[in-house]
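Engineer: Let me begin by handing over the structure; questions about it come next.
Values in this text are rule-based calculations from the coordinates and carry no lab data. All values reported here derive from a predicted model rather than from experimental measurement. As a convention, Cβ positions derive from the backbone with ideal geometry for all residues, glycine included, and neighbour counts pool all protein chains shown.
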Amino acid sequence: MAITRLGPNNSTNITGINLTSQVTGTLPIANGGTALTSGFVNGSAAGGSQVYMTGDTAISGTGYLTSNLSVYNSTGSGNGIASVSSGIISLDKTGYYHIIYQFTGNSTSGNQYVNPYIATTSNSGASTSNRAYGYAHGENSEGDTFTCTINLIHDLTDTNEAFVMKYQGASNITLYGTGQSVTSMTFIRLGDT
């Protein structure tokens, strides 16, 4: 635990404090303080983007979403914004990310199961590495819809590593896309790697 010293001789009758010469140690949190002694950069530590489906998409077998995808970036360039091309999602900055894949749809026939994955690729999707997965089930006769939400904390150390919205074991499944985050992948940059 650090000891904070205020003023000369720890005086209790302080009329002003020069923070550069009269304070040592870590200052306590007050009035919006950060409680950090290093590693904080105002306004550029975090960022966020979302890739979402703009229309419904039928899926089958194993693959990843490649069409009807759009990007919403909530921050400026260099803060972890996403771009998407043919289903390959790239981020413009390394760092720790909280990634959320929301997978929503229904069975168009029978009792169906599907596994959605957060996956990475370093070769434009020719091969993928599964990082986190979920389990979804829908039964057409019951009018079921499903939503599966998968979370991953990922250390992106190279911006050549990209992400895909992968699925496996799909048969007679339609994913919903409305231009909102019904089926989507969200990237929240938490900080530097």
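Engineer: Select from segment 102-163 those chymotrypsin sites (Phe, Trp or Tyr not before Pro) which occupy a DSSP coil region and have at most 15 other Cβ atoms within 10 Å, ordered by residue number.
Structural biologist: Sites meeting the loop and neighbour criteria: 135.
Engineer: Another question about this same structure. In nm, what is the difference between 0.36 nm times the number of residues separating residue 135 and residue 68 and their Cα-Cα distance?
Structural biologist: 21.8 nm
Engineer: What is the local net charge at residue 193, summed over the other residues whose Cβ is closer than 11 Å to its Cβ (Lys, Arg +1; Asp, Glu -1)?
Structural biologist: Summing Lys and Arg as +1 and Asp and Glu as -1 gives -1.
Engineer: Can you sort 182, 71, 51 by how many other beta carbons sit within 10 Å, fewest first?
Structural biologist: Exposure proxy ranking, most exposed first: 71, 182, 51.
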